[in-house]
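Reading through the structure tokens given below for one structure.
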Amino acid sequence: MPVVMDADRISRTLARIAHEIVERNKGVDDLALVGVRTRGVPIAKRLARALKEITGHDVPTGALDITLYRDDLMRHAVGPQPQVRRTEIQFSIDNRKILLVDDVLYTGRTTRAALDALIDYGRPKGIQLIVLVDRGHRELPIKADYVGKNLPTSPDESVQVRLLEIDGQDEVVLQGGAA
Amino acid sequence: MTPASTEVDRKPAVTALRHKDLLGIVDLTPEEIALVLDTAEAMKEVGTRPIKKVPALRGKTVVNLFFEPSTRTRTSFEIAEKRLSADTLNIAIGTSSVVKGETLADTALNLEAMAPDMIVLRHSSSGACHLLSRICRSAIINAGDGMHEHPTQALLDAFTIRERKKQLAGLKVAIIGDLLHSRVLRSNIHLLTKMGAKVWVCGPPTLIPTDIRKFGVTPTSSVDEAVTDADVVMLLRIQLERMEGAYFPSLREYFRVFGMTESRLRRAKPDVMIMHPGPMNRGVEIASEVADGPYSVILDQVANGVAVRMAVLYLLAGGAEHEDAA
């Protein structure tokens, strides 16, 4: 069960991404962070803290639940529904640049659902995608703007991101697979 | 979808309703009730968005089959269905073949031949939903059957109470009115006792079912006793259309003895909630000063009804099979 990122590595990576955000957007003026539930939310909050340290400005932060936009809802003839949680975006996304935050980018289907969900809240000036881990195997034409770590995987492996706020510790582990 | 890295966080007691239909609260466990209420919280947020619609039930057809008049419940279901992107169709008795003598079962089988996914049924006969449940493949949602149950009303009542009081366990809930004919009462008794609330029921002795104690509630004909230290006071409509006998002398006398007034309410807790499932008879079971007063959450109940019905529709649309969605 190899640990591919430990707590220090995660913390340095998020600090680096925060600097990239400031550089690319020439500040944080019209930015807002939206974390995809579940683990995108604490990552978005950490990035908000890092951006505050770098620039002195607060960046509005929200949480997005994509369950009702999943492309596999109702595709099974029968079966229990995935659990829906609350979306909390307390600011207008109109004319803002939205930084969409998720823990792992894999098939791209979660991101597709998140884009559809976001657009229902307004018309952002732009959306940029931030992921802690990009593990490849895309099934849709989606690409991240900020990547914490590119991690080559096989489809039968699984990437577990564990975060202090939810799991009690920070680490990314690679599980399963033929290796 | 394959969000490979995300385990389910803080696993709730149950994550799905494993039922084909919602016929009554009696069939639900406390964990399932909590799941509906939690899901309704997420659904309530959808109603606050600029675009109040999510694609979850796209391609699903829901028939609202109403054999009794209804404003709130039918409209509430229809809005809930539309917010989930389902295709909806409303059938009211006046315009259907029922007036030509078709039976409920035949009406249902004919509708079913057009392959709807869900049927929301209101009917004046207790057990009508159970009948449809046996003969239909579609999911049946009980929108009130005779004097039996009205489960979505009890769920939206519970949601409204929980929103204010944070939990149901330990609360004193006084339900006052026509206990004999009320399906809202039956569903609420099941729900509130399952969730650990202390339920007092109050009405004229002629309108108290004789065996009501076996449901774990305390009956009384003293309004003052029922209201004392109550966290929630729920008024039930006097259902004149269901009354064939003489249960009490007059509506004016009913109001004098049982009607909820400000002075009666002083015995309740200072943060008491006043609820009524509607339609209200002002000056019969409730005084206007109370209905429109600061403790009233009657319109919150209506608003929450949409969120709760969205939750029920969403949770039942998955079906009953014991397998995890991929």
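The values are calculated or read from the model by the stated rules, or taken from the named source; none is laboratory data. Only a predicted model underlies this, so the values are computations on that prediction, with no experimental measurement involved. Note: ideal-geometry Cβ built from the backbone for every residue, glycine included; neighbour counts use all protein chains shown. Accessible surface areas use protein heavy atoms only, side chains included; no ligands, DNA or RNA. Shrake-Rupley method; radii C 1.70, N 1.55, O 1.52, S 1.80 Å.
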Inset, instruction - Report whether or not B:Lys52 is basic (Lys, Arg), within 30 Å of A:Ile66 (Cβ to Cβ) and in a helix (DSSP H, G or I). - result: no
Inset, instruction - Return only the number of the condition from (1) more than 9 Å from chain B (Cβ to nearest Cβ); (2) closer than 30 Å to B:Arg18 by Cβ; (3) surrounded by fewer than 21 Cβ atoms within 10 Å (Cβ to Cβ) that A:Ala114 does not satisfy. - result: (3)
Legend entry - Members of region B:236-260 found to be open to solvent by less than 50 Å² (accessible area, probe 1.4 Å) and either in contact with a Phe, Trp or Tyr (Cβ under 9 Å, 6 or more places away or on another chain) or at positive phi (or both), listed by number: B:Ile238, B:Phe248, B:Tyr254, B:Phe258
Inset, instruction - Any chance you could count how many residues in region B:69-83 are touching a residue at least 24 places away in the same chain (Cβ under 8 Å), open to solvent by 30 Å² or more (accessible area, probe 1.4 Å) and part of a helix (DSSP H, G or I)? - result: 5
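One line per residue, one yes/no per condition, for (1) among the hydrophobic types (A, V, I, L, M, F, W, C); (2) open to solvent by less than 70 Å² (accessible area, probe 1.4 Å); (3) not in a helix (DSSP H, G or I):
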{"residue": "A:Ile17", "(1), (2), (3)": "yes, yes, no"}
{"residue": "A:Glu23", "(1), (2), (3)": "no, no, no"}
{"residue": "A:Leu33", "(1), (2), (3)": "yes, yes, yes"}
{"residue": "A:Lys45", "(1), (2), (3)": "no, no, no"}
{"residue": "A:Asp58", "(1), (2), (3)": "no, no, yes"}
{"residue": "A:Leu68", "(1), (2), (3)": "yes, yes, no"}
{"residue": "A:Leu73", "(1), (2), (3)": "yes, yes, yes"}
{"residue": "A:Arg85", "(1), (2), (3)": "no, yes, yes"}
Legend entry - Residues satisfying the stated conditions in region A:88-110, i.e. under 15 Å from A:Thr67 (Cβ atoms) and touching a residue at least 40 places away in the same chain (Cβ under 8 Å): A:Asp102, A:Thr110
Legend entry - Residue check, B:Met243 away from chain A (no Cβ under 14 Å) and more than 22 Å from B:Gly144 (Cβ to Cβ): no
Legend entry - Condition met for B:Arg213 (open to solvent by 50 Å² or more (accessible area, probe 1.4 Å), of a type in the set (D, E, K, R) and either outside any helix (DSSP H, G or I) or touching a His at 6+ places or on another chain (Cβ under 7 Å) (or both)): no
Legend entry - Out of B:Leu89, B:Leu121, sole residue that is without any contact (Cβ under 8 Å) to a residue 40 or more places away in the chain, assigned to a strand (DSSP E or B) and not basic (Lys, Arg): B:Leu89
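Can you tell which of A:Asp120, A:Asp167, A:Asp145, A:Asp94 is open to solvent by 40 Å² or more (accessible area, probe 1.4 Å), facing chain B (nearest Cβ under 10 Å) and over 23 Å from A:Pro2 (Cβ atoms)?
Numbers: A:Asp120 fails: open to solvent by 40 Å² or more (accessible area, probe 1.4 Å); A:Asp167 fails: over 23 Å from A:Pro2 (Cβ atoms); A:Asp145 fails: facing chain B (nearest Cβ under 10 Å).
Result: A:Asp94 is the single residue among A:Asp120, A:Asp167, A:Asp145, A:Asp94 that is open to solvent by 40 Å² or more (accessible area, probe 1.4 Å), facing chain B (nearest Cβ under 10 Å) and over 23 Å from A:Pro2 (Cβ atoms).
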Inset, instruction - Give the residues of region A:148-164 that are more than 10 Å from every other protein chain (Cβ to nearest Cβ), part of a strand (DSSP E or B) and either open to solvent by less than 30 Å² (accessible area, probe 1.4 Å) or at pLDDT below 95 (or both), sorted by residue number. - result: A:Gly148
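Quick one: in region B:84-111, which of the residues that are modelled with pLDDT of 95 or more and open to solvent by less than 60 Å² (accessible area, probe 1.4 Å) is farthest from the other protein chains (Cβ to nearest Cβ)? So that I can check it myself, show each step before the final result.
Here is the first cut: in region B:84-111, the residues modelled with pLDDT of 95 or more are B:84-88.
Subset that is open to solvent by less than 60 Å² (accessible area, probe 1.4 Å): B:84-86, B:88.
Working: B:Leu84: 8, B:Ser85: 9, B:Ala86: 10, B:Thr88: 16 Å.
Applying the filter and picking the extreme gives B:Thr88.
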